Amino acid sequence: MGKTKAIKLLVLDVDGVLTDGKLYLDADGAREIKSWHVRDGMGLLLAREAGIKTVFLSGRESGAIRKRGGELRVDYMILGSKDKEGDLAEILKKEGVGLHNVCFIGDDVQDLPLLRKVGFSAAPNNAAPVVRKHVDYISEKNGGEGAVRDIVDYILETHQGLKDITERLFAIEDEMDLFGKKIAGVFFWELLRAGTQRKILGEAEVFNRKESLSKRQLSSWIKVGFHVIWNTLFHNPFFASRANVLFFGMYRRRFQQDGFWHDIYCDPLIEQLEKEGLRCCMIERPPFGRPIPRPIKTRHVYYFDFIEACFLGARRLGFWRVRLTEDERSFLTTLQDKLNEEFGVRLDLQRDLVAELEKQKILLPFYKALLVKIAPKAVVVVNLPGHRALVKACREVRIPIIELQQGATHKYSLEHSYEGEKRKKYIVPDYFFTFGDYWKRSVSFPLPSDRMPSVGFPYYEQELERYKNTERKKQILFLSQPMFGKHMSQFALELARELKETWHIAYKLHPEEEGPTWQELYSALAKAGIEVVRDKEKPLYQMLAESQVQVAVSSTATYEGLGFGLHTYLLDIPGVEAMGHLLETGYARLVGSVGEMRDLLAKQEERKAWSGEEFFRKNSLNRMVEFIHNIASLRR
């Protein structure tokens, strides 16, 4: 659904799409008669009213098509086309848009090349089977029987992104008083809120969904078993010695010039604390059974696999079952039906809530036992939602818990955004260390401001210093992310063709895109002369330092790029709403087409300068260490 937000051009094959595919000829074969469905015509008019231009792109020349196109005020008619891709490219150039802005409706094999390349593809119900396999949406209607109207209705209904969906979710929260309702003795909605939003966004294709473990092959399960056993025997957290500070890492490591994989959030802080004679250890929670990159920077590190395996076994055996009352199940069903109807999704709230409640009940004794065994004076955690039971365990054994900011937060990031008096969160850390004052102004966190010191980001500050004398290239850096990869890579391809060799384009993969299939997914970029870069090949901060321009949608790296002095452009696709402040304040420009981007690059217009410590405070490491000392009373 989210793909439709970027549509600016509706392109249609005609025969078999706007018609039933049959050719009606008179006795001499001189006159061709076609049947049209009036609802399809209305669909095209509705698209035009919504600001979407229309194109007839057919391999046949036909007076009937030209007459019907004139009646419907179609913007472009290319009939008798021998090269649909080439003819469409001319229209795109005139309009200043790219293939990612196109919805193409086709029905047969000759349409496949375009269907595979455009941002959103659709087909009638009676399209060729091979076409049905490769399109984003299949109408319930046949060609010539209202399929185009059905597809246009779908586009207009789903022409929404992160902001639209989340605002509608906010309205349902207020309407049903979700924050005032208890289930199984707890305020249940904070347990489901962010996960439900992610599932809705995934169904809407605003954010991509990840493959679940259950879909993996047997060989993958064998590897999982091996790594679980290995980490249980050699990196079991219950084998850890006592420590002054216990860290729970996020498993976001970057390969550095010293030959080690660094935890970018925790390692600088651990190193500084250990220089002061304090013992630190980390428990890391990588994706279950995934191989660990070696060697790693962290000295005393343990893995969550043993606890994860115990948790899965306990659930399978039925320990710590959670039973809901009939009234609770009824309420969840009512809420679920409302969300499913509102967003066109298939949620199972009862299953999700029971799973989360059982997870907390099972993990709580493990966390308490760990805290007693290691006896830290403070716990530091990255990505707290993955360790909710840890908060309760820390409270019961009276150990302060500190959460580190690990990414860009905004009004629509529902793990941290709790706007208004009714929205309350109970599973919260004692302290939340933010990158800078900006984040506290932009998000209504569920903590008082005196529990949210602005401390900075030591790893970023360290890398900014390291690369401060790097020579700039005439380089445009694309900051890819898994959820936006298709749109971003297509835009990069079209920009490379437009700019030819006047700019070097580098496409930086997100670590989650660096799996075994990355070359297949992004092979077209390399063929077009675009430099595709993985983390181990060239660090992100080096690329930020050597570039002049960055292109992104929504990522923390965008803010870091601003600190490196880059001109910043954000693609107008679903998800960019998260970066609204950068657009409002002039730090970044929104671009919706390759033509617009080309013109902006040619002007080299002035943009708002970096304001210093607004996003990331300086002297971050010393500030963080001082706060931890005070919170945990570590200094004698």
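Laid out as a table, the results:
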quantity	calculated
Checking T502 against (1) surrounded by fewer than 16 Cβ atoms within 10 Å (Cβ to Cβ); (2) modelled with pLDDT under 85, the condition it does not meet	(2)
Failed condition for F478, given (1) more than 19 Å from M579 (Cβ to Cβ); (2) under 27 Å from the mean Cα position of the chain (by Cα); (3) touching a residue at least 24 places away in the same chain (Cβ under 8 Å)	(1)
Only one of D75, D83, D40 that is within 37 Å of the chain's Cα centre (by Cα) and closer than 16 Å to G16 by Cα	D40
Counted residues, the stretch 306-350 - those being small (G, A, S) and surrounded by 12 or more Cβ atoms within 10 Å (Cβ to Cβ)	3
Residue in the stretch 286-298 that is out of contact with any Pro (no Cβ under 8 Å at 6 or more places or on another chain) and farther than 23 Å from W230 by Cα present	no
Single match in A557, A578, A526, A552 (criterion: small (G, A, S) and free of Cβ contacts under 8 Å to residues at least 60 places away in the same chain)	A526
Some residue of the stretch 579-588 being in contact with an Asp or Glu (Cβ under 9 Å, 6 or more places away or on another chain) and either outside the structural domain of V443 (by TED's automatic domain parsing) or modelled with pLDDT of 90 or more (or both)	no
Residue tally, condition farther than 25 Å from E613 by Cβ and surrounded by fewer than 17 Cβ atoms within 10 Å (Cβ to Cβ), over the stretch 426-438	1
Scope the stretch 69-103; condition over 17 Å from D40 (Cβ atoms) and acidic (D, E); matching residues	D83, E85, D87, E90, E95
All positions within the stretch 114-137 that are within 14 Å of T4 (Cα to Cα) and surrounded by 19 or more Cβ atoms within 10 Å (Cβ to Cβ)	V118, G119, F120, S121, A122, V135
Residues that are touching a strand residue (DSSP E or B) at 6+ places or on another chain (Cβ under 7 Å), under 19 Å from G586 (Cβ atoms) and crowded, with 19+ Cβ neighbours inside 10 Å, drawn from the stretch 529-554	V549, Q550, V551, A552, V553
Helices (runs of 4 or more DSSP H) enclosed by the stretch 457-569 - at least 2 residues per element that are among the polar types (S, T, N, Q)	485-499, 556-563
Cβ pairs under 6 Å, 6+ apart, first in the stretch 246-271 and modelled with pLDDT of 85 or more, second among the small types (G, A, S) and surrounded by 18 or more Cβ atoms within 10 Å (Cβ to Cβ)	D263/G249; C266/G249
Residue tally, condition assigned to a helix (DSSP H, G or I) and small (G, A, S), over the stretch 342-362	1
Options L312, L335, L339; residue that is under 26 Å from L363 (Cα atoms) and in a helix (DSSP H, G or I)	L312
Filter result for K424 (charged (D, E, K, R) and over 17 Å from H581 (Cα atoms))	yes
F234 being of a type in the set (F, W, Y) and either touching a Leu at 6+ places or on another chain (Cβ under 7 Å) or surrounded by 20 or more Cβ atoms within 10 Å (Cβ to Cβ) (or both)	no
Boolean, V135 is closer than 30 Å to E49 by Cβ, in a loop (DSSP other than H, G, I, E, B), at pLDDT below 90 and in the same structural domain as R48 (by TED's automatic domain parsing)	no
Residue in the stretch 179-197 that is on the phi > 0 side of the Ramachandran plot, hydrophobic (A, V, I, L, M, F, W, C) and surrounded by fewer than 19 Cβ atoms within 10 Å (Cβ to Cβ) present	yes
Filter pass, R441 being part of a helix (DSSP H, G or I), surrounded by fewer than 22 Cβ atoms within 10 Å (Cβ to Cβ) and without any contact (Cβ under 8 Å) to a residue 12 or more places away in the chain	yes
Strands (runs of 3 or more DSSP E) completely within the stretch 42-118 that count 2 or more residues being assigned by TED's automatic domain parsing to the domain that holds I138 and either among the hydroxyl-bearing types (S, T, Y) or under 23 Å from D136 (Cα atoms) (or both)	53-57, 102-105
Which numbered condition G289 misses (of (1) modelled with pLDDT under 90; (2) closer than 21 Å to L371 by Cα)	(2)
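The values are calculated or read from the model by the stated rules, or taken from the named source; none is laboratory data. The shown structure was predicted, so the numbers you read here are calculated from the model rather than taken from an experiment. Note: ideal-geometry Cβ built from the backbone for every residue, glycine included; neighbour counts use all protein chains shown.
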